[in-house]
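Student: Input: one structure, supplied below.
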Amino acid sequence: MSSQKCVNLILIGPPGAGKGTVAPKLNEDYGVTHLSTGDMLRAVIQSGLPLGQKIKEVIDSGKLVNDELMGEMILAAIRDCKRGFLLDGFPRNEKQAEMLCNILSKEGLKLDTVIELCVPDELLVTRICGRLLHTSSGRTYHETFCPPKLPNKDDVTGEDLCRRSDDNEPALKKRLEVFHTQTAPLIEYYKKLKLHAMVDASCSPEEVYTQVRAILDQK
Ligand code: AMP
């Protein structure tokens, strides 16, 4: 696929699979808008709205926020994507996949591919528990595997990095359970639609990105 062509894709994978690492590169190379529902929800929490407190409780428990709210957020966001979109964190279950299908058909859009980032669960604890986040941009780092240039500072803005309140072992356990029971079945759903492609995301970020690009270049 030429980097000039408009592309609409979904990245699907467990927490810590590297969706947030691949997405900014795809934005840079293909111009697609990175739509991370986790980042959108964290922005609502930051805004101090009463809804934010409720959302924070759900996120910290590792469960899913209600489907209707997520559908509304995605509809509003997709309408603004002029050069294609990259969904990171949506859909999370079959109901959301159906919602997305309706949104796309109403907006006259279609999905090009669904890329699954596949990583064994045992690698995810180390990845998640060393993760550092730049809240306003969504950029992520890792203490060991992808450290910022200056300790605890975002490379671009120099602002402080923080840890996500759900990046701890008990919340991760619940998030993984939710992933395997509710989100992983979407892989079959998209296989049936002939949209699924798989990447081995247990290797380095560079190798993962090479695999992702190879998939897009076949489109
Ligand atoms: P993420 O940043 O994608 O790991 O998402 C962090 C948390 O936000 C998840 O564990 C959920 O609690 C919530 N969340 C993100 N996206 C969705 C979604 N599509 N549906 C429901 N909850 C979501």
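The values are calculated or read from the model by the stated rules, or taken from the named source; none is laboratory data. Computed from a predicted model, the values in this text were never measured in an experiment. Neighbour counts run over all protein chains shown; Cβ positions are idealised from the backbone, glycine included. Heads up: the accessible areas ignore ligands, DNA and RNA and are worked out on the full protein's heavy atoms, side chains in. Shrake-Rupley method; radii C 1.70, N 1.55, O 1.52, S 1.80 Å.
Student: In whole angstrom, how far apart do the alpha carbon centroids of segment 179-199 and segment 126-149 sit?
Tutor: Comparing the Cα centres of segment 179-199 and segment 126-149, I get a distance of 27 Å.
Student: Cross-link list K106/K191; K56/K110; K19/K54; K82/K174: which exceed 30 angstrom alpha carbon to alpha carbon?
Tutor: K56/K110; K82/K174
Student: How far is the Cα center of segment 61-124 from the Cα center of segment 20-59, in Å?
Tutor: 12
Student: Compute the Kirkwood hydrodynamic radius of the chain, taking the inverse of the mean of 1/r over all pairs of distinct Cα atoms, and give it in Å to one decimal.
Tutor: Its Kirkwood hydrodynamic radius stands at 17.8 Å.
Student: Residue separation times 0.36 nm, minus the C-alpha to C-alpha distance between C129 and D29: what's the value?
Tutor: Answer, rounded to one decimal: 33.1 nm.
Student: Residues of the chain: accessible area per residue at 1.4 Å, in Å²?
Tutor: For the chain, the solvent-accessible area averages 51 Å² per residue.
Student: Quantify, in whole percent, the carbon and sulfur part of the accessible surface of segment 52-177 (1.4 Å probe; protein heavy atoms only).
Tutor: 54
Student: Can I ask one more? Out of all DSSP beta bridges in the chain, what portion is antiparallel? Express it as a percent rounded to 5.
Tutor: Restricted to the chain, the bridges split so that about 25 percent are antiparallel.
Student: Right, here's the next one. Across segment 1-95, how large is the tail of the calculated P(r) beyond 19 Å, expressed as a percent of all Cα pairs? Don't jump to the answer; show the numbers that get you there.
Tutor: Values: 1959 of 4465 pairs.
When all Cα pairs of segment 1-95 are counted, 44 percent exceed 19 Å.
Student: Also: Hey, got the dipole for segment 28-67? About the Cα centre, +1 on K and R Cβ, -1 on D and E Cβ, debye to the nearest 20?
Tutor: 280
Student: If you don't mind, there's one more thing I want to ask. Would you kindly derive the ³J(HN,Hα) couplings of segment 133-143 from the backbone phi angles with the Karplus curve 6.51 cos²θ - 1.76 cosθ + 1.60 (θ = phi - 60°), listing them in order in whole Hz, with x for Gly and Pro?
Tutor: Whole-Hz 3J(HN,Hα) from phi for segment 133-143: 10, 9, 4, 6, 9, x, 5, 10, 10, 9, 3.
Student: Same structure again: Hey, got the dipole for the chain? About the Cα centre, +1 on K and R Cβ, -1 on D and E Cβ, debye to the nearest 20?
Tutor: Numbers: 29 positive and 31 negative charges, 85 e Å.
In debye, rounded to 20, the chain gives about 400.
Student: For segment 135-219, with only Lys/Arg (+1) and Asp/Glu (-1) charged at the beta-carbon, what is the dipole magnitude about the Cα centre, in debye rounded to 20?
Tutor: So the dipole magnitude of segment 135-219 works out to roughly 420 debye.
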